[in-house]
1. Please work out how much length the chain gains when fully extended from Tyr36 to Leu66, using 0.36 nm per residue of separation minus the C-alpha to C-alpha distance, in nm with one decimal.
2. How large is the Kirkwood hydrodynamic radius of the stretch 4-45, counting all unique pairs of alpha carbons, in Å?
3. Once you place label points 7 Å from the Cα toward the Cβ at His87 and Val43, how far apart are they in nm?
4. List Met86, Met25 from most exposed to least, where exposure is judged by having the fewest other Cβ atoms within 10 Å.
Amino acid sequence: MVTDRDRSVVAWVAVIGAVSAQDVMARFRVGRIVAYRRLARLVGEGTRTRTRTREFIVHPDTIERLPTGTAAVTSPGEGEPRIARMHHPEGAR
């Protein structure tokens, strides 16, 4: 059975296009279990579809386009990754 809250979620998703359980948790101020159950029910009712996605810090296409000698550098807790030129030490082989 689809509830009024479910209809609200469906309408919101229709505007945004795609959401995660974390998005539903934040927007509707519900816990993790409630968000996952609501989304699972909506998928089961056929009102939504489910696709597993991955979140990238640096998109693979960006990394692929980096010129030779350049790297995307990141460390936990250091904010956004940086694109850096890598210099080979003189005489190293």
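Where a number appears in this text, it was derived from the coordinates with a stated rule and is not lab data. These numbers come from a predicted model, not from an experiment. All Cβ positions, glycine included, derive from the backbone under ideal geometry; neighbour counts span all protein chains shown.
1. 7.0 nm
2. Averaging 1/r across every pair of different Cα atoms and inverting gives 10.1 Å.
3. That separation, rounded to one decimal, is 5.0 nm.
4. Final ranking by Cβ density, sparse to dense: Met86, Met25.
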